[in-house]
Every structure is written in C-alpha cells, then in structure tokens.
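Have a look at the structure below, then the notes.
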Amino acid sequence: MELSLERKPITVNETILDINTEQAVESDMLLADYYPRISRILRCCVETSVDQAVVSGERLIVDGVALCRVFYKSEEGRPASVTVKLPYTKAVELRRAPQKPQIAVQSYPGYFSCRAVNSGRLEIRGAVALHCRVTAPSEAQALHWAEGSGMQCRCRPLCCGQLLRCSTRSLTARGEERLSDGIPSDAALLRATSRVGDTTFKAVGGKLVAKADAVTELVLIGPDGTLYREEMEIPVSEILDAEGADENAICSVSFTVDWTDAKLSSVAADEQPMASVELSLTAWIWAMANETDSFMTDCFSTCYETTQETRPFQLLRGVEPVHRNIPIEAEIPLPEGSDEVMDLWAELAEQSAAGGEGSLRLTGRVRFAGLVQTGGEPEYFEHLADFSEEIPVDGTVGEQLADFRVELQDSSRTAGGLNVRAQVKADAAMALQETARLITEAAVQEQKPVKQRGAGCLTLYFPEPGEQVWEIAKRYSTAPAAILEENGLTDDGAAGEGMLLIPAVR
C-alpha cells in the first residue's frame, strides 16, 4: 500500500507591525468674543483619540484628534477654559501588505506646550504618541495522519486557537440635556469629563452587539465664581464585526472614553441653556475560537527508511477574560497658601499591559489634577500616582488586549494637602502561547528497506527506567501497537520495568 498523507490547516497569527511613534500637531487660535480674555495660562490638558486606522497596501494610515482644554485665569481673576480640536494624520510603512489585518492603535498625549500670544490668542504646539499594532492570520499546514508503507504515526492533540478579532475601533456618542434650574443661565462651562460603566454584549452571527452607559460630569462656573456640577447619562450601543464569532467563542468588548467635548447653547433669558455633549470612544474588541485537533509529532516506517520535515508552530489557546479593580490612594501636596479646592478629577496618564511566562502585568499612572484658590487667585495642581497589578496565568501570554478606566472615589483635606482615593478598572483578554514542532512533510525511501534488529520473531528487551514504548518500537522497526498487544500493555508511554517481548513486523 502506497504512502498516503493527510494534512490539516493551522491558522497562525503573524505580527506585521508593533511600534511606538509620534505625530506633531499645532494650532494658532483666536478666542471667540464670548470667551473671557486671558490673563494667565494655568494648564493645557490634552486628550487624544484615533478616529480611523486603516491598512492601504503596505501602509497603515491613522487619523485622529487631539482635544486640548486650556485652563486659564481671566482678566476678571476667575478660572476659565477653552477647548480646541487638533486633527492629525500619521502614515506608517508596513513590511508587507497583509490580508484581513487586525488593527489596534492607542493614542496618548506626548509633549504639549501652550502660551498666550495676547489676551485673545493662543499658540499650541505638541505631539500625539501612538502605539500601532497590526497582525494578520496566515495559514500553514501540518500532517494529521499518514498511512501505508508500514508508516507508524505518533500524534498529539493540540489546541489551535483562531484569533477572530483583536483590535480597536473608534465610535462617537452624543447627548443633549437642559441644565438644572439651580444653575445660572449665564454660567460658563469649565470642564467636562466622562466615564463608561461595564459593557454587556452578545455574539450573534459573526457580530458582537454591545451596550453600555456613559456618565458625563459638567463643571460650570457662575458669574460670581461659584462652581456647579451637572451629570447626564448617554447610552452607548454598537454592532461590531467579529467574523466567525458565535456563542462558543471567547469574546470581550469594553468601551473607554478618549475625550469629551461639551457646549452650551444660547437661549432666551427665561430659559435654561441646553448642554450638548460629544463623546469620542474606543471599543476594545476580542474574539477567539478554540479548536482542538491531532497532529503528527514523529513517524517512522517498519518497512523503509523514513525522512521527515518539521517546523515550529506558535499555537494559541484563548482563556477567559479577566477583570480587575486596582485601588489607588495618594497624598497630594497643594500649592502653598491654598484656601479652597475648587475642582478635582482623575485621568489616566500612562497604561500598559505586558505578557510573559506565568503572568500578565498591568501597570500605569493616574494623574490627579485640580484647581485651587490661593490668596484669591486660581491655581492648577497635579500629582502622579503609579499602579500595578500582576495576573497569574497558567502558561505564556502570546496575545493580549487590555484597556483601563479610572474613577475618582473620594478626597479629604489633610494637614499636608489632600488625600485622594481612586480605582482603576482593567479588562484584559488574552491567549496563551505554546510552541509545537510538527511534521509538515514525510516520505519513505523504498529503495532502502529497513533491516530488522532481531533475528527471530520475538526479541527479549529490558528497557531503561523511563524509556518510552514508542522509542523502543522505532529502534526495532516494529509497530508500537504490536509491543502493547504482545505484553498486555494499554499505554504507549513509559515501558515500565522488567522484560519486554518485541515482536517483529514482517
């Protein structure tokens, strides 16, 4: 019987691009007449988003926005703010044009500077930092089984997880609401921040239907310098592509807010203004299907000398996503002579997830920032606090996608400044990696028949401790199944102690 080979495909996730880069942005801005005139810049706070990331040929093209919120002291001595959007585009060369690329791009504020050219003009210069990762599936084949010409196969069941989706996607949510009656109709918007709650989702026919609620906090300042706070809820709903995902796939979806842009509409004197809010969000999408199949790891023929070709495969196994709440507590020194803390907020300054052997490590920094009154003058302050969490895993992390959200919980004045507590919520999806060397090609050399080592039909053999039945059969060019049957064994692992009967295969 001639040798017949059966092959099966293996999907391998190949990394096409994984780099950090920057894109410069700048703006010269004239303040509209309804903004208070600038006396002194307090701080330029920057949030960034990726609006679109697409692969075109051998290039990754990223379009996004840096939203700069400039806090300043007005000529009347009160804090004020103005927001400007700075669009950017970045093109990154790829080493080849991928098919069905998975794109995950994260943006961060790089260096930024802001100065007042005069009381009505701002000059902003800076750069957006980008982490760009592009992966693409590729298909290879390995031998599943071989039959004929006395071929003996040693096979191993392996999990060949297929990464269906590991990427980010930008989306926009909008809401509008009339301000509460207790807020002066001539109040000005000072700050707007948003947070997204936990996401619920369902996999349906290659789509992930995801929903969440975003809460936006508006901080307004009245003509007398009094601060007012207003919250509004904005629903977030999106249908996300995840080809191949079904109820059996391991999936994860979460939303984070990149920036919040809020505006107040002008109204009649007897009406409250309308607050319109635009949220730029990132959807973090993960979908993976685990499939187990058997592949050949070794082979030989009882009749002929055998050749084989092998190669290592990086195989993935998806595990259930993990969710962590990481507490942070910090003592923040306030500017000397601070009288009153007017406003306080928390934002992510840095975030990263690094996988390795036995763990996934989540690290980053939270920036606590705010405004205080010092001797009747508004001042900006900030403080950075580190966080770290190590998640143990049973193996080596091969692919991962993690996002972070921070929530300010409470604060209290102390003799030295301000005690603050916050919580970082981290959602991490991951796949563990295993390297397996598999046979991709096998052949028998019919012109070179094997020579039986034993002289008769049975050979007496005393195995070494731990010696495998497979290795003994290979040495004597006989079938492992024949050794098992002849000696009443059921496991082709270790041969055990004592004498073995090695039958010849004719």
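The values are calculated or read from the model by the stated rules, or taken from the named source; none is laboratory data. Computed from a predicted model, the values in this text were never measured in an experiment. Glycine also receives a Cβ, built like all others from the backbone with ideal geometry; neighbour counts cover every protein chain displayed. Side chains included, ligands, DNA and RNA excluded: accessible areas come from the protein's heavy atoms. Shrake-Rupley method; radii C 1.70, N 1.55, O 1.52, S 1.80 Å.
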Query raised in the report: For volume of the Cα convex hull per residue in Å³, the choices are (i) 183; (ii) 230; (iii) 138; which was calculated from the structure?
Result: (i)
Report summary line: Charge dipole of region 228-348 built from unit charges on the beta carbon (Lys, Arg +1; Asp, Glu -1), centred at mean Cα; most positive-end Cα among LEU316, ILE326, SER266 is LEU316
Report task. Taking H placed 1.01 Å from N in the peptide plane, check which residues at least 5 places from ARG7 or on another chain put their amide H under 5 Å from its amide H. Result -> HIS144
Report task. Compute the distance in nm between two label points, each set 7 Å from the Cα along the Cα-to-Cβ direction, one at ARG59 and one at ARG311. Result -> 3.1 nm
**Report entry** Simple label model, 7 Å out from Cα along Cβ direction - THR89 to GLU336, nm
**Finding:** 5.1 nm
Query raised in the report: Got a sec? Which residues in region 177-203 would a label at SER266 touch, if it sits 7 Å along Cα→Cβ and we count backbone N under 19 Å?
Result: 179, 184-190
Query raised in the report: Rounded to the nearest 500 deg cm²/dmol, what is the calculated helix-only ellipticity per residue at 222 nm for the chain, with -39500 (n - 2.57) per DSSP H run of length n ≥ 4?
Result: -1000 deg cm²/dmol
Query - Probe 1.4 Å, accessible area per residue of the chain, Å² - result: 47 Å²
Query - Label-point separation, ASP213 to ARG96 (7 Å along Cα→Cβ), nm - result: 4.9 nm
Report summary line: Percent relative contact order for the chain, counting Cα pairs under 8 Å at least six residues apart, stands at 14 percent
Query raised in the report: Which Cys residues of the chain have no other Cys beta carbon under 4.7 Å away?
Result: CYS45, CYS68, CYS132, CYS153, CYS155, CYS159, CYS160, CYS166, CYS251, CYS299, CYS303, CYS457
